[in-house]
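Worksheet: one structure, shown below.
The values are calculated or read from the model by the stated rules, or taken from the named source; none is laboratory data. Here the structure is a predicted model, which means the values were calculated and not measured. Cβ atoms come from the backbone with ideal geometry, glycine included; neighbour counts cover every protein chain shown.
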Amino acid sequence: MSLYTPGFDTRAVHAGQAPDPLTGAVVPPIYQTSTFIQDDVNVLRAGHEYSRGSNPTRGGFEEQLCALEGGFKAYAFASGIAAEDALLRSVLRPGDHVVIGSDSYGGTNRLLRDVWGPWGITHTAVPAGDLDAVRAAIRRDATAVLWVETPSNPHLGIADLAGWAQVAHEAGCLFFVDNTFASPALQRPLEWGADAVVHSTTKYIGGHSDVLGGAVVVSDVEFLGKPLADAVAFAQFAAGAVAGPQDCFLAARGLKTLGLRVRQHSANALEVARFLEAKALAGDGVAEVFYPGLESHPDHRLAARQMSGGFGGVVSLRLAGGEAAARRFVTATELFGLSVSLGGVESLICLPTEMTHGPLRGTPREISADLVRLSVGIEDVADLIADLERALDVVAAEALGARVEVVRPGVGAAVPAVRVQAPEAEAVEADTVAAPPAEARRESLPAPLAAVRAAVPALKFGGMHDGGRPPFGGRPSRAVGRVERGPATWSGARR
Ligand SMILES: Cc1ncc(COP(=O)(O)O)c(C=O)c1O
């Protein structure tokens with residue numbers, strides 16, 4: 001037996017993805033079938049009976065993902081939330097209690113509160129960075145599961161995986177980690193002591209925003225004297241929220257390039273975060289940036305220890321102008337499409353409190369209305385930064401009462417130009433910025449805004465960092481802000 005373990009990218013391409021033995025097809029076929037002919041009663045040809053129980057395309061994807069997470073077994077589901085539901089269903093009984101990191105996906109909270117709550121499951125949310133709070137929240141007679149996301153959604157908080165695992169196991173609890181944001185390319189929680197990992201494979205694993213899916217990967221831990229794997233396999237089969245063959249094919253194809261993509265997502269996100277942090281430090285429209293790759297992130301060192309190869313593609317920020325500025329910002333970008341979800345090759349932007357984290361509204365954990373989440377894609381980072389800078393300019397100019405027009409320079413130019421007119425009668429008509437080369441865009445776009453700043457000396461641009469409230473606390477009464485969008489003639493048209 002060889003002692004050699006192939007590297008991550010090699011496993012991503014080959015594990016569970018051997019060529020079709022019948023035809024030699026390099027890509028294993030999609031077994032789009034519900035059932036399988038038997039040679040005699042209960043004599044199966046290749047172990048498959050019915051696709052809810054097993055299907056070769058699903059099995060190939062499960063093996064591939066399992067090899068990347070370093071797990072014992074993996075199970076694929078129809079969505080990330082179906083995977084979470086199946087994992088909880090495998091182990092929880094009425095009366096049980098769950099401790100969950102407080103910064104976590106809104107749908108996970110809805111699942112615990114509104115689906116599992118009526119079945120007698122209670123939960124307590126704790127700050128994921130505070131292990132004493134985690135320990136204190138455990139109820140000796142009831143807590144069965146500790147659950148955390150790291151990096152978390154949407155504040156990019158970091159939980160100490162080894163610490164959580166130790167607290168869980170000392171109390172006889174199972175420890176589950178949602179690894180959607182990092183993906184196994186950057187972090188493998190089973191190596192830090194987790195008992196199971198869940199994924200929304202809709203995100204980085206699928207990677208192209210063209211498939212919904214979820215997965216559970218378990219260690220070889222035992223639960224009530226039997227492998228946890230058996231309990232999850234039973235929930236998958238008996239409750240039946242399985243991933244279909246076509247979806248598994250797409251997820252498996254995505255997984256083959258996961259390492260490459262996530263490295264690019266991470267590199268781009270770090271540059272975007274640095275750009276936004278510079279804006280925050282200059283008091284220029286941004287109040288705060290959340291990204292574990294920034295040295296200023298409170299848990300940067302912990303993130304660097306338990307993640308490798310990057311810090312992921314999600315960056316969040318708070319707009320200095322509050323809710324009004326955040327709402328305007330998310331509609332002012334062009335390359336960043338306004339949409340929920342993340343992890344696809346294209347960049348997306350969203351307002352979590354209204355979109356992804358709606359279930360937390362009206363609770364103490366409601367997400368602040370000035371928070372914007374970016375899913376940074378793999379486009380040229382200069383174009384992404386130019387897009388964000390232009391959108392910040394639009395927000396700032398409109399807050400000053402300026403009239404803003406977005407001018408599309410035509411096919412082939414990635415980022416449209418902004419024409420800004422000062423609010424005073426003595427108008428400052430800035431020239432349309434013709435689409436410059438990508439590397440020059442960042443420098444050239446603020447020019448029209450500078451004209452507005454010069455024309456309105458009474459109003460100063462400023463952020464939280466210069467002590468006072470910024471000038472854009474709400475829409476100015478005489479705002480005539482307007483962004484015109486021309487016909488979608490270029491490939492990056494707003495989705
Ligand atoms: C961290 C996290 N976990 C789970 C989910 C649920 O996944 P799905 O939408 O595939 O059901 C999401 C969805 O956004 C998520 O962001």
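At-a-glance table
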quantity: Segment 77-102 residues that are on the phi > 0 side of the Ramachandran plot, paired with ones that are part of a loop (DSSP other than H, G, I, E, B) and more than 12 Å from the ligand (Cβ to nearest atom) (beta carbon under 7 Å, 6 or more apart); calculated: GLY95/GLY120; GLY95/ALA142
quantity: Filter pass, PHE176 being aromatic (Phe, Trp, Tyr), within 12 Å of the ligand (Cβ to nearest atom), in contact with a strand residue (DSSP E or B) (Cβ under 8 Å, 6 or more places away or on another chain) and within 24 Å of THR353 (Cβ to Cβ); calculated: no
quantity: Flag for GLY16 being within 23 Å of VAL218 (Cα to Cα), part of a loop (DSSP other than H, G, I, E, B) and in contact with an Asp or Glu (Cβ under 7 Å, 6 or more places away or on another chain); calculated: yes
quantity: Whichever residue in segment 348-366 is in contact with a strand residue (DSSP E or B) (Cβ under 7 Å, 6 or more places away or on another chain) and in a loop (DSSP other than H, G, I, E, B) and, among such residues, is surrounded by the fewest Cβ atoms within 10 Å (Cβ to Cβ); calculated: ARG365
quantity: Matching residues in segment 115-137 - criterion: being charged (D, E, K, R) and touching a residue at least 24 places away in the same chain (Cβ under 8 Å); calculated: ARG135
quantity: Checklist (1) over 26 Å from GLY207 (Cα atoms); (2) modelled with pLDDT of 95 or more; (3) buried (at least 23 other Cβ atoms within 10 Å of the Cβ) applied to ASP393, failing item; calculated: (2)
quantity: Where THR23 falls short, out of the listed (1) in contact (Cβ under 8 Å) with a residue 12 or more places away in the chain; (2) part of a loop (DSSP other than H, G, I, E, B); calculated: (1)
quantity: Failed item, numbered, when LYS226 is tested on (1) basic (Lys, Arg); (2) over 30 Å from ILE30 (Cα atoms); (3) not assigned by TED's automatic domain parsing to the domain that holds VAL197; calculated: (3)
quantity: Lone qualifier among ALA304, ALA324, ALA369 - being more than 15 Å from the ligand (Cβ to nearest atom), surrounded by 20 or more Cβ atoms within 10 Å (Cβ to Cβ) and of a type in the set (A, V, I, L, M, F, W, C); calculated: ALA324
quantity: Segment 289-314 residues that are farther than 19 Å from VAL177 by Cβ, paired with ones that are assigned to a strand (DSSP E or B) and among the β-branched types (Val, Ile, Thr) (beta carbon under 6 Å, 6 or more apart); calculated: TYR291/VAL315
quantity: Complete set of residues in segment 327-346 that are in a helix (DSSP H, G or I) and buried (at least 19 other Cβ atoms within 10 Å of the Cβ); calculated: ARG327, ARG328, PHE329, VAL330, ALA332
quantity: Matching residues in segment 191-209 - criterion: being more than 13 Å from the ligand (Cβ to nearest atom) and surrounded by fewer than 24 Cβ atoms within 10 Å (Cβ to Cβ); calculated: GLU191, TRP192, GLY193, HIS208
quantity: Filtered residues of segment 340-366 (kept if away from the ligand (no atom under 16 Å from the Cβ) and at pLDDT below 95); calculated: ARG361, GLY362, THR363, PRO364, GLU366
